[in-house]
Amino acid sequence: MKQLIYITLIGFNLFNINGKAQIAVTYIPFQSIFGISSNVEKLMWVDYKIETNNFASSLDMEISQKINFKRKEIVNYYVGPGFSFNPAYSFVDLPFTNGYFIEFGTRIKPIAKFKNIQLMFELSPYINNKLNNGYLRTRLGFSYNFIPKSKVNNELNKENTVNAR
Amino acid sequence: MCRKSFCNLLINYSVCFLTLNSGCIKKVNDAKYECNMNAAYFSHPNYFIGVAVDPFLLNSNVPYNKIVVEQFNNITAENTFKAEYLHPIKDTFYFDNADMLANFCASNNKRLHGHTLIWHKQLPEWIYNYKGSNNDWETLFKKHIQTIVSHFKGKVLSWDVVNEAFDENGELRESIWLKHIGSNYIEKAFKYAAEADKDVLLFYNDFNLESNPKKHNSVISYFNLLRKRGVKIDGIGVQMHININYPDISQIKSCLNEIVKSDYKIHLSELDISINANGKNNIPTQEILNEQADFLKKILLHYKQIPNANQFGITFWGVNDANSWIRSFYNRIDYPLLFDDNYQAKPAYCALKE
């Protein structure tokens with residue numbers, strides 16, 4: 001039941017909060033992590049990550065809520081809390097949640113003509129589910145934002161208008 | 001839009017918080033792990049569950065002996081195969097206790113893992129004080145390895161050829177062997193062992209591989225290079241002296257995955273899960289023991305998915321808590337093993353049996 005709530009929440013966040021299913025996909029090669037996010041150009045977006053190249057019962061997943069606190073032409077800065085979980089653990093009576101983290105990240109749009117292509121870097125203090133031990137994670141990856149270029153500009157314009165006021 | 005998003009977020013995280021807390025409440029359930037010790041002999045052909053033993057206790061202590069005979073199918077000598085015991089005097093080897101253990105394994109149908117040929121600790125005094133040329137050291141080194149491996153040919157399935165040769169920064173540790181044999185002493189040790197017994201499995205064994213990516217990456221790269229040069233290296237022993245809070249299971253998984261990628265056999269070679277690393281759990285509560293069992297279960301869950309060819313087995317570093325090296329080495333009370341001071345099964349044992 002608990003897993004169902006989580007999965008529902010993930011879907012709810014990804015496809016409801018942002019109105020339409022505009023997604024970005026990310027790959028973090030050093031840790032073999034695949035990510036799928038709602039529109040990363042919005043003020044608030046949701047990030048879902050899954051460890052790949054791993055055994056079925058060891059596929060750790062993460063969900064986090066991000067807030068873009070600075071959105072610029074070529075770079076966004078964001079922060080957000082999240083938690084790591086493993087659905088398989090529930091089937092063997094282990095704690096579903098692995099731990100919690102806060103991610104500080106940046107997404108750089110290195111090619112002016114293709115702002116959908118982004119490089120991302122995240123710094124993420126992580127603490128286990130008993131809140132008694134943790135470590136600092138770093139992640140470097142690349143991402144593609146599946147929204148039209150015009151929408152990327154619209155989001156930026158909106159942000160600039162708000163700032164101008 | 002923003003207000004709507006914020007409200008949704010608030011609802012979502014409230015539900016998350018409640019569900020997470022319900023998980024915590026479930027964890028302290030006292031009856032989470034229950035089992036008996038009957039018919040628990042781990043005889044599955046693909047799963048080897050081992051234990052480090054003391055031959056003296058094996059002969060003198062009935063419950064100790066009973067547990068070793070009934071519960072484990074892989075044996076490592078905790079100390080008996082180390083240089084200070086096998087090679088106490090120059091040109092004199094003492095095999096009696098080790099032979100006794102080898103005979104015990106043969107008569108009880110157990111695998112025997114040899115630990116360890118080359119280590120910088122627990123050497124006899126004469127080696128520490130040895131004065132000789134580089135050639136003399138080389139002769140000593142080769143003779144030590146080949147005499148022992150040849151003696152146990154056909155009795156020992158596998159050897160930890162070199163133990164703990166890397167520092168935490170991923171570089172070779174400054175040791176008596178590095179100083180006198182040179183930086184290629186590891187390669188030589190594996191070659192000499194393979195010459196003495198071409199069928200025996202050869203392992204490198206070290207601690208903190210599971211928690212230190214720099215160290216395990218260095219070790220894997222180093223042995224990949226040796227393999228390319230034709231040196232026989234069958235597996236890596238990940239000692240796994242861990243505690244219930246450290247390292248995180250994700251770090252352990254990452255280490256094991258890297259070793260599997262390079263196609264080495266993995267021996268979780270000295271597993272114990274301390275519950276009192278910070279000295280606050282002098283009396284183990286049921287909750288803490290369940291946490292220990294949960295952690296072991298997570299490790300097993302991952303380990304058993306490793307391809308069979310890469311699984312060598314899991315060895316617990318001691319039979320019961322009273323005999324764990326941790327109590328004497330760190331001078332603290334701890335409960336890191338499967339059986340308690342009275343040889344009764346703990347939740348960790350039940351998790352393993354599941």
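Overview of values
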read-out	value
Taking chain B and dividing mean pair separation by its residue count, relative contact order in percent (alpha carbons under 8 Å, at least six apart)	17
Cβ-based net charge around residue A:78, under 11 Å, with every Lys or Arg adding one and every Asp or Glu removing one	+1
Degrees separating the helix B:134-151 axis from the principal Cα axis of chain B, which is the longest one	70
D_trans [Stokes-Einstein, Kirkwood Rh over alpha-carbon pairs] for chain B, 4 °C, 1.567 mPa s, µm² s⁻¹	60
Highest-first arrangement of B:233-245, B:213-225, where packing means the average Cβ count within 10 Å	B:233-245, B:213-225
Order by protection proxy (mean Cβ within 10 Å, highest first), peptides A:24-37, A:74-87	A:74-87, A:24-37
Shielding by partners - mean other protein chain Cβ count within 10 Å, residues of B:300-307	3
Inter-probe distance in nm under a simple model that places probes 7 Å from Cα toward Cβ, at residue A:36 and residue B:139	7.0
Principal-axis tilt of helix B:185-196 within chain B, Cα atoms, nearest 10 degrees	70
Max mean-square fluctuation residue, GNM over chain B, Cα-Cα springs under 10 Å, options B:56, B:316, B:295	B:56
Spacing of the two label points (7 Å from each Cα toward its C-beta) at residue B:35 and residue B:214, in nm	3.9
Test item: B:247-254 mean partner chain Cβ contacts at 10 Å	6
Approximate spin-label separation residue A:52-residue B:328, in nm, with each point projected 7 Å along Cα-to-Cβ	5.1
FRET efficiency estimate (nearest 0.05) - Cβ-Cβ, residue B:153 to residue B:91, R0 22 angstrom	0.60
Exposure proxy ranking, count of Cβ atoms within 10 Å, fewest first, for A:71, B:111	B:111, A:71
Average other protein chain Cβ within 10 Å of Cβ, residues A:91-100	5
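Each reported figure results from applying straightforward, stated rules to the coordinates on display, with no laboratory input. These numbers come from a predicted model, not from an experiment. All Cβ positions, glycine included, derive from the backbone under ideal geometry; neighbour counts span all protein chains shown.
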